[in-house]
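The values are calculated or read from the model by the stated rules, or taken from the named source; none is laboratory data. Note that the structure is a prediction, hence the values are computed from the model and not measured. Virtual Cβ from ideal backbone geometry, glycine too; neighbours counted across all protein chains shown.
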Amino acid sequence: MNIEDKPLRIGNREYRSRLLVGTGKYESFEVMEKALRESGTEIVTVALRRVDLSGKGEKTLLDHIDPARYTILPNTAGCYTREDAVKIAHLARELEIGDLIKLEVIGDERTLLPDVAATLDATKQLADEGFTVLAYTNDDPVAAKQLEDAGATVVMPAGAPIGSGLGILNRNNIRLCLEALSVPCIVDAGVGTASDVTVAFELGVDGVLLNTAIAQAKDPITMARAMKQAAASGRLAYLAGRIEKKRYATASSPIVDF
Amino acid sequence: MTRPGSGAVPIGGESPTVKITLNGEDYEAEEGASVRDLLEALDLARQRVAVLMDGEVVRKAHFREVRLEPESKIDVIHMVGGG
């Protein structure tokens, strides 16, 4: 039997790649561009900040991201209140790049873990206003379900703190989130290397969003390729159905018969 | 209009100006200028930018109608790298 995967569906669009990749922290736009291409991603995240008016005609991010090739997913990174996050979403809407928003309302500067209550409020407001909300949260399955009920189109539990590279710290909770949700569950944050991505997909997540693990690898372009393969491998293993874990051995060869 | 920090005199001589704050810096815009006019002067009118005036989002559809006031605080925003 040859397993065919279904596409990842977000809103009214479908994607073959289940990796979402950030555009921050690269040493150059050129490296970023190549890494995004190697990763095979179709969705890239961006932040919204002031234009550098002393830039004197320097190239900007959009000179290196083709909106025809990638879905651009603006984030509300750096927001600590519902009001600020909603404002950034409104700014993003005026950029006319679609109605997707990766909603982050941060609760703690050191860990960058979310303020879930504020995220819930912002999700309700933005979903009512017609945004397609991808809500960054922690790995609490109760919070995950609340975000879905509040109108999140995708729920994005963190594997570990942003940029920490610690991987999926609580696999059981991610599994519980998956059980609680009927909308897509995309792990966002904390991935450090390829095996973290594979683990996430083996748990059954619908996608993984990562940035630092690629951008700050010693060789981001090779790491992007590794991540693409890791995602494919983890997803296939999940679809193939793994064996159960057992305490004792079960021989792979028949007993000796001579 | 003058670019921030450029030291240039207002284009067109001594036309009346209005002092605003632009992306955190003092800036002299032409009196009566609209948000659209400001973006034209900054060579950003054809770029994908969004604008805050006094902390509120200015709808793109209103760029030509919304006029800069004295002490206006303008932020011109675009997409940058982020995760």
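Checked against the criterion of being among the basic types (Lys, Arg), in contact (Cβ under 8 Å) with a residue 12 or more places away in the chain and surrounded by fewer than 16 Cβ atoms within 10 Å (Cβ to Cβ), the range B:16-28 has at least one qualifying residue. Annotation: A:ASP108 fulfils all but one of (1) in a helix (DSSP H, G or I); (2) closer than 22 Å to A:GLY190 by Cα; the unmet one is (1).
With respect to A:ALA118, determine if the residue is more than 10 Å from chain B (Cβ to nearest Cβ), under 22 Å from A:GLY130 (Cα atoms) and either assigned to a helix (DSSP H, G or I) or without any contact (Cβ under 8 Å) to a residue 12 or more places away in the chain (or both). Before you say what the answer is, go through the steps one by one.
Values: more than 10 Å from chain B (Cβ to nearest Cβ): yes; under 22 Å from A:GLY130 (Cα atoms): yes; either assigned to a helix (DSSP H, G or I) or without any contact (Cβ under 8 Å) to a residue 12 or more places away in the chain (or both): yes.
Criteria met by A:ALA118.
Across the range A:87-101, what is the total count of residues that are under 20 Å from the mean Cα position of the chain (by Cα), facing another protein chain (nearest Cβ under 10 Å) and modelled with pLDDT of 95 or more? So the answer is 3. Of everything in the range B:25-83 that's within 12 Å of chain A (Cβ to nearest Cβ), under 10 Å from the mean Cα position of the chain (by Cα) and in a loop (DSSP other than H, G, I, E, B), which residue is nearest to A:LYS102 (Cα to Cα)? Per the stated criteria, the residue is B:LEU44.
When the strands (runs of 3 or more DSSP E) confined to the range A:12-82 are screened for residues that are under 30 Å from A:LEU203 (Cα atoms), within 19 Å of the chain's Cα centre (by Cα) and facing another protein chain (nearest Cβ under 9 Å), those reaching at least 3 such residues are found at A:43-50.
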